[in-house]
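**Q** Let me begin by handing over the structure; questions about it come next.
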């Protein structure tokens, strides 16, 4: 069955609900691009508010081509210039005009971006076509140059009645039976995310073509936050890959912590050497993908990591182990990881100082870093340091903790 989020993607601006003012602003920017003082628009808002859909709907009405690239897939400035640079130099062969969409700029690396942000800023200055950037949070310090070159347009979170209208239209087209109160309850649960609401509707109603109170209650139970113990049970104690692959969907631990929990408890659970070897092969491949994400910001690999550490590890055993295992958090490895995380922050900050002062990172770690937390105690000096070094939130928090 075709995903409903694709089937009902708005084709025209009349089909867009809840963002009337924003549609007008964005359409005017594209239509009057030659008269605009800035060559790009930076649109932002939470997930499922219609940012990308709006661009395609406007372009469709105008007969424009949309050239879409995802910022999180860029490795460096050279790759950005290759992908976006070629697009802004060539006129569209079959469309009246062209819009360059650089989606999810939040995905750009925080470590100097390998020149990524500077490259996009330069391309904006030279572009003969409107460039649209999308972001969830564009107010990070690292995006200051992009903000100065762009018209800032906010997509506000959709209210539940707007989402209700979208779901109601889909139900009527798909002949899904529903009661308005239940459909409104589903709309409220989405938290302003229309995409999530449509996915929930499809999950609940695709078999029986009916949305019931019971199915909505089942969804509420499924969405309760699972703890890490439940997740490990889903992986270690099942051979059903459908159950295993969803193990980490609703846990609070981040990916690095998930990997450490599995690494610590895997040999306690899998006692057969052959099963253990296969499971660790899955875990090691996941670690390789994780390192590639850290190095190249290839966030699309996250789906492979999740499959490897859930369904992959579950499939490594020939049969389910019956013994009871008390899962425990890792000790030495976790402490080592925490220490490395703290050291990495220190090195990142030292690198920024070294770049600004044309010094070596090694020298800065010795001569300057011991005094930076002391400087940070002064509010005025702290703000100057943050702005001058373009520190991100994690680096600022690290320095604040060291200053206490």
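Just so you know, all these numbers are worked out from the coordinates, no wet-lab data involved. No experiment lies behind these values; they were computed from the predicted model shown. Please note: Cβ atoms are built from the backbone with ideal geometry, for glycine as well, and neighbour counts cover all protein chains shown.
**Q** Sorted from fewest to most neighbouring beta carbons within 10 Å, what does the list 100, 152 look like?
**A** Starting with the residue having the fewest Cβ neighbours, the order is 152, 100.
**Q** Note the listed values (i) 23.4, 74; (ii) 21.9, 66; (iii) 24.7, 72, then indicate which one is Rg and Dmax of the Cα atoms in Å calculated from this particular structure.
**A** Computing Rg and Dmax of the Cα atoms in Å and matching it to (i) 23.4, 74; (ii) 21.9, 66; (iii) 24.7, 72 gives (iii).
**Q** Something else: Run the simple label-point estimate for residue 159 and residue 296 please: 7 Å along Cα→C-beta, distance reported in nm.
**A** Going by the 7 Å Cα→Cβ label model, 4.6 nm.
**Q** First measure r as the distance between the Cβ atoms of residue 374 and residue 209, then evaluate 1/(1 + (r/R0)^6) with R0 = 56 Å and state the FRET efficiency to the nearest 0.05.
**A** Rounded to the nearest 0.05, the efficiency is 0.25.
**Q** Of 51, 156, how do they rank once you tally other Cβ atoms within 10 Å and put the fewest first?
**A** 156, 51
**Q** Per DSSP H run of at least 4 residues, take -39500 (n - 2.57); add these up for the chain, divide by its residues and hand me the 222 nm value, nearest 500 deg cm²/dmol.
**A** -16500 deg cm²/dmol, from helical runs alone.
**Q** Arrange 171, 54 by Cβ neighbour counts within 10 Å, fewest through most, would you?
**A** 171, 54
**Q** Which of the three applies to segment 228-330, rounded, prolate or oblate, going by the alpha-carbon gyration tensor with a ≥ b ≥ c and a/c under 1.5 meaning rounded?
**A** prolate
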